[in-house]
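Working notes, beginning with the structure itself.
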Amino acid sequence: MATVGPLARIARLGSSICRNHRLSFNRSTQRRGIASCVDPSHGLTDEQKEFQKMAFDFAANEMAPHMSEWDQKEIFPVETMRKAAQLGFGGIYVQPEVGGSGLSRLDTSIIFEALSTGCVSTTAYISIHNMCAWMIDTFGNNEQRERFCPDLCLMDKFASYCLTEPGSGSDAASLLTTAQLKGDHYILNGSKAFISGGGDTDVYIVMCRTGGKGPKGISCLVVEKGTPGLSFGKKEKKVGWNSQPTRAVIFEDCAVPVINRLGEEGQGFNMAMRGLNGGRINIASCSLGAAHASVQLARDHLLVRKQFGETLSNNQYLQFKLAEMATKLVASRLMVREAAIALQENRSDAVSLCSMAKLFATDECFNICNDALQMHGGYGYLKDYAVQQFVRDIRVHQILEGTNEVMRMIISRNLLTES
């Protein structure tokens, strides 16, 4: 893949799409009169505003019209995601020399927030795929990076992250999947649970035990679909996130070449946690997009829905509730973006800030979406109305990438142990 400068490449690819799209985010906000106080472009550079606008356009035109169908029919929208990859969204923070866009963590957050206004579930999978591509780019050797990253960045191949097991969720360091070294292969045995994309994806980033108990006995292997001994459980029936399949990933004497190990033995747990720090920012950003869309939907509903002879927008309680929702949205966005900057700069407070941002944003954004549904009354509970899908899709954000209870543990540990 040509190593064109990422911003130039995104701007060039995006300009042709934007010309063909009927409505940009900026024009739609002006047409609908969206208040500037919740405008997500405030404080961004001109370049960031450009690819944010492109992501909003893509969400509005390529994702939102299909969001309900993908959800109800449980469609994994491969071709739509490959269109997103043509804009550089398949490897947003992967280095350009292996096909990535080379953007920052803040840039990534801006993009995922915008894409999520069109479909949270699909964007959340794209965020996990990006995390996997970044892990190979960051921890892999040159041969591994050149072998896997270009196809992942184009989304010619899709990736899944495999850490959670049936018996080890929050206690990830107790995982039991083993990888026994035999000659030039590891023989994997065990299973992973709740794997996004499982069975439909091509590359699996697997945390497995090559040593003793605890985190230092864990290594990271790249397992390719079609490897003998790799199989999958049934497709799970979920409350939300239905545009991405979720299955158990099962290893039965699955032979994986040693050359597919990322880094050295015993480094896997550290890799997994570093991946999740970014994953927490990504998933919080997806929550921001859902909340932003829900505030807009609630506002529009209040302006047209009449009860007791006047529009709901004249009800002071609902006015105050909408103000609280907008305030929580902006506060969440500021916290997520600050954490993204801290992670990019490798600051000492980055882990705690990522945990704070994930905790605060996913909790508050769920509350925003839920309040928006309540404002719709009975209509909000109908699948004809998008607000119910935003509620269903972001509920799981309080659970995955480390539960919000674990986020509290990380934050409190930092507060109580720092000298």
Next item on the list: Run the numbers on the chain and let me know its relative contact order in percent, using alpha-carbon pairs under 8 Å that are six or more apart.
Entry: 15
Notebook entry, point to check: What aspartates and glutamates sit close enough to Lys225 to cross-link, taking a C-alpha to C-alpha distance under 12 Å and skipping anything fewer than 8 places away on the same chain?
Noted result: Asp200, Asp202
Next item on the list: Quick one: angle between helix 120-139 and the longest Cα principal axis of the chain, in degrees between 0 and 90, rounded to 10, please.
Entry: 40
Check: Taking 0.36 nm per residue of separation and subtracting the Cα-Cα distance, what length does fully extending Arg413 through Asp46 add?
Finding: 128.2 nm
Item checked: Reachable lysines, given that their alpha-carbon falls under 20 Å from the alpha-carbon of Lys328 and they are not under 8 places away in the same chain -> Lys358
Check: Under a point-charge model restricted to the Cβ atoms of Lys and Arg (+1) and Asp and Glu (-1), what is the dipole moment magnitude of the chain relative to its Cα centre, in debye to the nearest 20?
Finding: 680
Note to self: Please report the accessible area of Val256 (heavy atoms, 1.4 Å probe, ligands and nucleic acids excluded) in Å², nearest 10.
What the structure shows: 0
Notebook entry, point to check: Given H placed on each backbone N at 1.01 Å, which residues far from Ala255 in sequence or on other chains put an amide H within less than 5 Å of it?
Noted result: Leu188
Checklist line | Among beta bridges that DSSP assigns inside region 147-206, antiparallel share in %, nearest 5 | finding: 60
Note to self: Going through the cross-link list Lys73/Lys192; Lys73/Lys234; Lys83/Lys238; Lys83/Lys234; Lys157/Lys213; Lys73/Lys306, which pairs have a Cα-Cα distance over 22 Å in this structure?
What the structure shows: Lys73/Lys192; Lys83/Lys238; Lys83/Lys234; Lys157/Lys213; Lys73/Lys306
Item checked: Nearest 10 degrees, 0 to 90: helix 386-395 Cα axis against the chain principal axis -> 40
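The values are calculated or read from the model by the stated rules, or taken from the named source; none is laboratory data. From a predicted model like this one, the values you see are computed outputs, not experimental measurements. Note that each Cβ is placed from the backbone with ideal geometry, even for glycine, and that neighbours are counted across all protein chains shown. Heavy atoms of the whole protein, side chains included, go into the accessibility calculation; ligands, DNA and RNA do not. Shrake-Rupley method; radii C 1.70, N 1.55, O 1.52, S 1.80 Å.
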